[in-house]
Each structure stands twice: as structure tokens, then as C-alpha cells.
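Student: This is the structure, below, for whatever I ask next.
Just so it is clear, none of the values below were taken in a lab; they were calculated from the coordinates. As the structure is a prediction and not an experimental result, all values here were calculated from the model. Neighbour counts are summed over all protein chains in view; Cβ atoms, including those assigned to glycine, are modelled from backbone coordinates with ideal geometry.
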Amino acid sequence: MPPKRVWGFLLIAAMIAFSGCAGKRPGPAKTPDTGLPAPEIVGTPGDSDTTNDSRMAASHNLTTQGYRLLQKNDYDGAIRVLERAVSVNTGNGPGYFYLAQAWLEKDNFQLAARFNQLAIMYLRNHPTWSQRARTQKEKIQKRKNNASGS
């Protein structure tokens, strides 16, 4: 049996050798940057602590799924999921915002404008989201005008 000093040396050598074996851990998978803001739970006006509401949590999960589908340019899939999200929680402002975006990407300006109106209504008490929805409204109108002018 080797002396304790040799065991200690072997243990230290093994620790040093194996510490570099792990390598770099891969980070989360990157999704394409579409310029869309990430979804977040946004309560409806007058609600108290709605973040714990199971309806809102379920709707938020669906909204996140729809957002990811939008990032992958799967507009039909995003619409299906986002329609479920807003049916679970009719006050889901970001859900309406993403629905408007999906319809805009499909060049359906009428539905894009309608969902944008709902987004503006439900996001009116959230300055950042409210600004995003107003900017989206301008983008819808601009794309509609460009399409009708061509």
C-alpha cells in the first residue's frame, strides 16, 4: 500500500485532471431575434395580485409558446396557441399583441388591427407595453398603406 502522502498527491492530481474535463457547458438554445419583446405576465386593470392566478399562469405559458412560434416564423401555429392563451385569460394584453403581430406577418391587416386594438386596451396601464402596442399600430397602418399602394 502506498504511503498517505502518495494517496494525497494522486487525489490532487486527479482533481486537477478532472476539473478541466467538464469543458464549457452549452447555454440555452438561441432563438432568432425578431425584435419582439419577451412575454411577461401583465395584470388587467383593477385586479389585485393576479400573478398567482392559475388562469393567468396557464395563459402566460401559452403566450410564451406562441411567442416562440412567432420567432420561428410559424405564424399559423402561433395564432392557434395565442388564441387559446387569450381564451383562457381574456385580459392577456401581450397575447393580443402577439396575435396582432402574427396576423400582420400574414398580411391580414384587418385582424392585425383588431387584435392590436385589444392589446392597446388591455395594456393601457403598462407604459412599456402600451408604447409597444401603439408602435405596432403605426406599423400595421404603414404596411396596410404600402400594400394598397402597390
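Student: Using a 10 Å cut-off on Cβ atoms, rank the peptides 135-148, 104-117 from the highest mean neighbour count down. Let's see the in-between values first.
Tutor: Working: 135-148: 13.5, 104-117: 17.6.
Per-residue Cβ counts within 10 Å, averaged per peptide and sorted highest first, yield 104-117, 135-148.
Student: Right, something else. Could you tell me whether region 49-150 comes out rounded, prolate or oblate from its Cα gyration tensor? Rule is a ≥ b ≥ c as square roots of the eigenvalues, rounded for a/c under 1.5, then prolate if a/b exceeds b/c, otherwise oblate.
Tutor: In terms of gyration-tensor shape, oblate.
Student: May I ask you to compute the full-extension gain from Ala147 to Ala58, defined as 0.36 nm times their residue separation minus their alpha-carbon distance, rounded to one decimal in nm? Write out the running numbers ahead of the final one.
Tutor: Numbers: separation 89, 0.36 × 89 = 32.04 nm, distance 3.66 nm.
Result: 28.4 nm gained on full extension.
Student: With +1 on the Cβ of every Lys and Arg and -1 on the Cβ of every Asp and Glu, and nothing else charged, how large is the dipole of region 49-150 about its Cα centre, in debye rounded to the nearest 20? Write down the numbers at each step before the final one.
Tutor: On the way: 15 positive and 8 negative charges, 64 e Å.
In total the dipole reaches around 300 debye.
Student: List, in order, the whole-Hz ³J(HN,Hα) value for each residue of region 85-98 obtained from phi through the Karplus relation with A = 6.51, B = -1.76, C = 1.60 and θ = phi - 60°; use x for Gly and Pro.
Tutor: Karplus values, whole Hz, x for Gly and Pro: 4, 7, 6, 6, 9, 5, x, 7, x, x, x, 5, 4, 5.
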